[in-house]
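Visitor: This structure is in structure tokens; I'll ask about it shortly.
The values are calculated or read from the model by the stated rules, or taken from the named source; none is laboratory data. Everything quoted here is computed from the prediction, not taken from an experiment. Quick reminder, even Gly has a Cβ in these numbers, built from the backbone with ideal geometry, and neighbours come from all protein chains shown. These accessible areas exclude ligands, DNA and RNA; they are computed on the full protein's heavy atoms, side chains included. Shrake-Rupley method; radii C 1.70, N 1.55, O 1.52, S 1.80 Å.
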Amino acid sequence: MSIMSPRFDRVAEAITERTAELLGAQTSVIDGRGIVVASSDLNLVGLPFDKAGRRGESEFLRVPLRLDGQAGTVVVSEPPQGDAISPRLAEALVELMVHRTVAVDRLPNQHELKNSFINDLLNGRTTDESAILQEGKLLGMDFAPPRAVILIDASDYILPSDGLERHEAADAQVRRRAQLVIGSVVSFFQLPNDTICAYLGDGEVAVLKASNTKNLVNWADNSDSSQATPSWANLTALRRAGEALLVRLRSDTNASISVGIGRYHPGVCGLARSYQDARAALSLGRRFHGQNRVHGLDGLGVAAFVGVSDERTKVDLATYLLSPLDHEPDLLETLTVFFAEDCCPSSVASRLSIHRNTLGYRLDKITSLTGLDPRRFDDAVQIRLALLLRSLSSNVT
């Protein structure tokens, strides 16, 4: 078993594959202990070279390999009969291949560049919209469609069981499993341009999902509130998409996974706000409602008003929850009196000069429109806080 770093093993594999192809000869890389760490003959990997060599062909040349303070040797066997090649030329070719492979491996790959770019974008470290669009285009990302963030916590699957994500021996597994999760997401949504994915670290994958009505048609419902703003209305469809995606991911990984849904915010820089929505929903949702669920701000209940720090987000949520009552002044007045009278039905009916049956009808209608029942404690607290916060909306910029 090799004790070399994953990077050394990766370079060794690339060297043996390309050199064997160019010279038409068996090629192996051995470490400082004389163990074969990579070979064009996979049966030799892991064997001591003195034993592996007897199973292979006679030795032709050796070229030293050094990478990150670790030493090894590229060993090329004698080319087959009739394919004679100058040893000096072969050695120069192998040395060139070694230098080229090491140099290329030091360059950040497409996935790393993409992950870094999206990480900066979501955390608000990049705010020049024209520069974002230009760099995104260079990396093959289309920001023309409106997008919202779906944040996936797949740490149970991606990270090593000992939790040491940065442990060198685990890096390759982390990258591979992150890519498997991303591949599963792209496959679920079917169209690669529909989703932009990035691994953010700590077992989390961000999905920048096209979130207009056209892109969410499979999860839209005619019963969704038409009075809500597009960001909140589409959030319902996004949550349904997230729930279906969660089923797929749990099936593909056989691991515990949680999902946070962010609202759409205008402009490419609005993705940072969508990410903050998704992160808050995921963090609070896991804490109060558990794992293996999809969490959105509108489904957190009282926790959203208590746990979300951004005042504008709380006001937006309050406005959304009460939006079905915007054209129902009698119902809004009923709620105001209901809380002023400590939720006592007889006192409320008397103050409003209505029959208790009429009050019951109004409360039932409020429940039907908002999904919140003022007669239930948790729902009553949400409605009360929403009324207070919405009254502050004119003071929040």
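Visitor: Name the single residue that is nearest to Arg7 (Cα to Cα) among those in region 84-98 being at pLDDT 80 or above and open to solvent by 100 Å² or more (accessible area, probe 1.4 Å).
Guide: Among those residues, the one meeting the criterion is Leu96.
Visitor: Kindly list the number of the only condition in (1) surrounded by fewer than 17 Cβ atoms within 10 Å (Cβ to Cβ); (2) without any contact (Cβ under 8 Å) to a residue 24 or more places away in the chain; (3) more than 43 Å from the chain's Cα centre (by Cα) that fails for His289.
Guide: (3)
Visitor: Please go through region 235-249 and give me each residue that is open to solvent by 30 Å² or more (accessible area, probe 1.4 Å) and of a type outside the set (Val, Ile, Thr), ordered by number.
Guide: Kept after step one, since they are open to solvent by 30 Å² or more (accessible area, probe 1.4 Å), are these residues of region 235-249: 239-240, 243-244, 247-248.
If the condition is that a residue be open to solvent by 30 Å² or more (accessible area, probe 1.4 Å) and of a type outside the set (Val, Ile, Thr), then Arg239, Arg240, Glu243, Ala244, Arg248 are the ones that fit.
Visitor: Please go through (1) at pLDDT 90 or above; (2) open to solvent by less than 10 Å² (accessible area, probe 1.4 Å); (3) in contact with a helix residue (DSSP H, G or I) (Cβ under 7 Å, 6 or more places away or on another chain) for Ala272 and return the number of the only condition it doesn't satisfy.
Guide: Going through (1) at pLDDT 90 or above; (2) open to solvent by less than 10 Å² (accessible area, probe 1.4 Å); (3) in contact with a helix residue (DSSP H, G or I) (Cβ under 7 Å, 6 or more places away or on another chain) one by one, Ala272 breaks only (2).
Visitor: Can I ask one more? I need the full set of residues from region 5-24 which are of a type in the set (Val, Ile, Thr), under 19 Å from Pro87 (Cβ atoms) and touching a helix residue (DSSP H, G or I) at 6+ places or on another chain (Cβ under 8 Å), in order please. Write out each step before concluding.
Guide: If we filter region 5-24 for residues that are of a type in the set (Val, Ile, Thr), which is where we start, we get 11, 15-16, 19.
Restricting the remaining residues to those that are under 19 Å from Pro87 (Cβ atoms) gives 15-16, 19.
Within region 5-24, Ile15, Thr19 meet the criteria.
Visitor: Taking the criterion of being open to solvent by less than 20 Å² (accessible area, probe 1.4 Å), modelled with pLDDT of 80 or more and either under 20 Å from Glu91 (Cα atoms) or assigned to a strand (DSSP E or B) (or both), would at least one residue in region 42-59 satisfy it? Break it down stepwise before answering.
Guide: Of region 42-59, the ones open to solvent by less than 20 Å² (accessible area, probe 1.4 Å) are 44, 52.
Those still in the list that are modelled with pLDDT of 80 or more too: 44.
Restricting the remaining residues to those that are either under 20 Å from Glu91 (Cα atoms) or assigned to a strand (DSSP E or B) (or both) gives none.
No: region 42-59 contains no residue that is open to solvent by less than 20 Å² (accessible area, probe 1.4 Å), modelled with pLDDT of 80 or more and either under 20 Å from Glu91 (Cα atoms) or assigned to a strand (DSSP E or B) (or both).
Visitor: Let me ask something else. Could you say which residue among Ala148, Ala144 is more than 17 Å from Asp252 (Cβ to Cβ), modelled with pLDDT of 85 or more, open to solvent by 40 Å² or more (accessible area, probe 1.4 Å) and hydrophobic (A, V, I, L, M, F, W, C)? Break it down stepwise before answering.
Guide: Values: Ala148 fails: open to solvent by 40 Å² or more (accessible area, probe 1.4 Å).
Among Ala148, Ala144, only Ala144 is more than 17 Å from Asp252 (Cβ to Cβ), modelled with pLDDT of 85 or more, open to solvent by 40 Å² or more (accessible area, probe 1.4 Å) and hydrophobic (A, V, I, L, M, F, W, C).
Visitor: Sticking with this one: Condition test on Arg125, is it modelled with pLDDT of 85 or more, over 21 Å from Ser211 (Cα atoms) and in a loop (DSSP other than H, G, I, E, B)? Please lay out each step first, then the result.
Guide: On the way: modelled with pLDDT of 85 or more: yes; over 21 Å from Ser211 (Cα atoms): yes; in a loop (DSSP other than H, G, I, E, B): yes.
Considered against the rule, which asks whether it is modelled with pLDDT of 85 or more, over 21 Å from Ser211 (Cα atoms) and in a loop (DSSP other than H, G, I, E, B), Arg125 comes out as yes.
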